[in-house]
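What follows is calculated from the coordinates using simple rules that are stated; it is not laboratory data. Every value quoted in this text rests on a predicted model; they were computed, and no experiment measured them. Methodologically, a virtual Cβ is constructed for each residue, glycine included, from the backbone with ideal geometry; neighbour enumeration extends over all protein chains shown.
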Amino acid sequence: MVDQLLHGFRVLIVSDHVDLGALFVAIVALCGGVVLRATSAMDAVRVLDEKPHAVLLDAALPDAAVSVPAHAASLGVPVVAFTFRAADLEISPSLRIFNVRSLRSTDFHDVCTTPHAAAREAA
């Protein structure tokens, strides 16, 4: 039951790359998740006030102040950073302090289960 993996689970997807964001939106929706979307750090901080269950964050998103993980942490919302480029293979030290989990695959199952697992661990 793929459409039940994230049934009713709200996931904020944050990426300034249209194609990558659209891919994750499609996967989360197919898993039954409710998608919230942001294309910048400023937008993400505003949408975080809707208290999603988890955030899928593009690790390369310009956010010099690390405001997305900091705001998410203050709300108790876990962050999963997708890290696909060679430079992103390791979570940066500034993200590590917020217990950001890494996602290195577009595998359907991984995309659907990693945010849910992060939310369970954060509870």
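Annotations for the structure displayed:
- Mean separation of Cα contacts under 8 Å (6+ apart) over length of the stretch 2-122, as relative contact order %: 26 percent
- Counting beta carbons within 10 Å around each of F9, F108 and listing the fewest first gives the order F108, F9.
- Only helices reaching 20 angstrom along their own axis (Cα) with mean Kyte-Doolittle hydropathy no lower than -0.5 count here, and for the DSSP H runs of the chain these are 108-122.
- Principal axis dimensions, the chain - Cα atoms, whole angstrom, descending: 39, 30, 25
- Peptides 46-53, 11-18, 26-33, 73-80 ranked from most to least packed, by the mean per-residue count of other Cβ atoms within 10 Å: 11-18, 26-33, 73-80, 46-53.
- Cut-off under 5 Å, modelled amide H: who pairs with A81 long-range: L57, R101, S102, L103
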